[in-house]
1. Considering each residue of segment 8-30, count those that are of a type outside the set (Val, Ile, Thr), open to solvent by 20 Å² or more (accessible area, probe 1.4 Å) and assigned to a helix (DSSP H, G or I), and give that number.
2. Within segment 208-221, identify whether any single residue is of a type outside the set (S, T, N, Q), surrounded by fewer than 16 Cβ atoms within 10 Å (Cβ to Cβ) and closer than 17 Å to Pro48 by Cβ, and answer yes or no.
3. Scan segment 346-360 for residues that are of a type in the set (S, T, N, Q) and within 18 Å of Leu277 (Cβ to Cβ) and jot them down.
4. Just the residues that are open to solvent by 20 Å² or more (accessible area, probe 1.4 Å), in contact with a Lys or Arg (Cβ under 7 Å, 6 or more places away or on another chain) and hydrophobic (A, V, I, L, M, F, W, C), please, taken from segment 145-202.
5. Restricting attention to segment 356-376, which residues are touching a Ser or Thr at 6+ places or on another chain (Cβ under 8 Å) and of a type in the set (Gly, Ala, Ser)?
6. Are there any helices (runs of 4 or more DSSP H) wholly within segment 44-129 with 2 or more residues that are open to solvent by less than 60 Å² (accessible area, probe 1.4 Å) and at pLDDT 95 or above, and if so which?
7. As an exercise: evaluate Thr182 against (1) under 17 Å from Pro84 (Cβ atoms); (2) in contact (Cβ under 8 Å) with a residue 40 or more places away in the chain and give the number of the one condition it does not meet.
8. Please give the helices (runs of 4 or more DSSP H) falling wholly within segment 242-330 in which 2 or more residues are surrounded by 24 or more Cβ atoms within 10 Å (Cβ to Cβ), among the small types (Gly, Ala, Ser) and at negative phi.
Amino acid sequence: MSVRDAPPVPDVFDPRRYAAGVPHDDYRVLRDHHPVAWQEETEVLGWPAGPGFWAVTRHADVVRVLKDAGTYSSYVGATQIRDPDPEDLPFIRRMMLNQDPPGHGRLRRLVSRAFTPGRVDRFAAVARERARTLLGGAVEAARAGDGTVDLVSAVTDEYALLNLADLLGVPEGDRRLLLRWTRRVIGYQDPDEAGPPVLDGDGRPVNPRSPAMLADMFAYAGQLAAYKRRYPADDIMTTLAHDAELAAAELEMFFFLLTVAGNDTVRAAAPGGLLALAEHPEACEPLRAGKVAVASAVDELLRWHPPVLTFRRTAVRDTELAGRVIRAGDKVVVFHASANRDERVFHAPDRLDLTRSPNPHVSFGDGPHVCLGAHFARLQLRLLHEEALRVLPGPPRLAGPPGRLVSNFVNGLKSLPLRLT
């Protein structure tokens, strides 16, 4: 097909589209005909229009952008599609996620001291028991009612939240704060999650990542760090609070990053994986029969339902990608969910194959910013699915359509009604 005959570029920016499901058909059009495509950034849901961006949808190009921090910067304009207010940008750049090497590497090494596999593995017994208890409670609730239960509210939200609170060392009475902050920051495009947007004096929505909107979270982080210095424990905040190389502002940013990213990665991936199994019972049977390793299944479920849909970079110099000229200052947005279905890399990508190997999905990113908590996330998901196989009376069956998050950033589920009897 010639360029003249190629189908038009579909819109994959509007966050409202994702409430109906990830637009995989449009992603395929982009991969096949417009692998680096210009997207208009229109005013939507009260948020002002932006200058537009390049959507990168093929696996090889996504990996190239993620690995080349020298060309595609996380620091220049941060990592969200929407441009932050210029006065907020210096504040937002303090987060490790929004830095480039070598500064990013320094912060990553500091937090890695706390986020050790040993600490995470010691936590496994607690997480397994929590999964068993929550799933058992969901089954009992279904039996006592009409046979159905919303697994998001009954299991996966609590599972992700309480696991993270244990790892961070947040006192039991404060743990609901983590979910409130996560919903405000991650679900800001969805009125069901964050409520009506907070408006500034000119009637414009206030960025949920601005200093004003994060003041309460940062104040709490400082108080928690002071408490951990007086009463140390085996948790991440104790380690960070005692790290002399970590400035107070950096510690606050780590708390923000771990609270939001650490919670919402599992909060999105856990129900997404269960939804995939409910929609593909034929794939679930070998798993229930023990013919498929749960660890392998978890990676395929992550490929199928990546928790993060997009990440933004900004070109720092003129370059070329898939034949398109990218100018310095252009926004370049990688689409993880599209890369994970790229036929150039994955055989039969629209088939859920729990034995898939190799499985080079980019659900946790790639390059210097590859997810620091990937080990912890995989552990939690493996434990949850192992206990689901033991506790649930059969393969999960949908009792109604899932409720999807209005977001072009996180692939979230607000509800997942399942029949468990």
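1. So the answer is 8.
2. Here is the first cut: in segment 208-221, the residues of a type outside the set (S, T, N, Q) are 208-209, 211-221.
Those still in the list that are surrounded by fewer than 16 Cβ atoms within 10 Å (Cβ to Cβ) too: 211-212, 215-216, 219.
Keeping just the survivors that are closer than 17 Å to Pro48 by Cβ gives none.
So far as segment 208-221 goes, no, none of its residues is of a type outside the set (S, T, N, Q), surrounded by fewer than 16 Cβ atoms within 10 Å (Cβ to Cβ) and closer than 17 Å to Pro48 by Cβ.
3. Kept after step one, since they are of a type in the set (S, T, N, Q), are these residues of segment 346-360: 355, 357, 359.
Scanning segment 346-360 gives Thr355, Asn359.
4. Leu162, Ala194
5. Selection gives Ser357, Gly373.
6. Values: elements: 59-67, 89-92, 103-112, 117-122.
Where helices (runs of 4 or more DSSP H) fall fully within segment 44-129 and carry at least 2 residues being open to solvent by less than 60 Å² (accessible area, probe 1.4 Å) and at pLDDT 95 or above, they are 59-67.
7. So the condition that Thr182 fails would be (1).
8. Details: elements: 248-279, 281-288, 294-304.
The helices (runs of 4 or more DSSP H) meeting that bar are 248-279.
The values are calculated or read from the model by the stated rules, or taken from the named source; none is laboratory data. What you see is a predicted model, and the numbers here were worked out from it, not measured in a lab. Heads up, the Cβs are rebuilt from the backbone with ideal geometry, glycines too, and the neighbour counts pull from every protein chain shown. When the accessible area is computed, the model is the full protein with side chains, heavy atoms only, and any ligands, DNA or RNA have been set aside. Shrake-Rupley method; radii C 1.70, N 1.55, O 1.52, S 1.80 Å.
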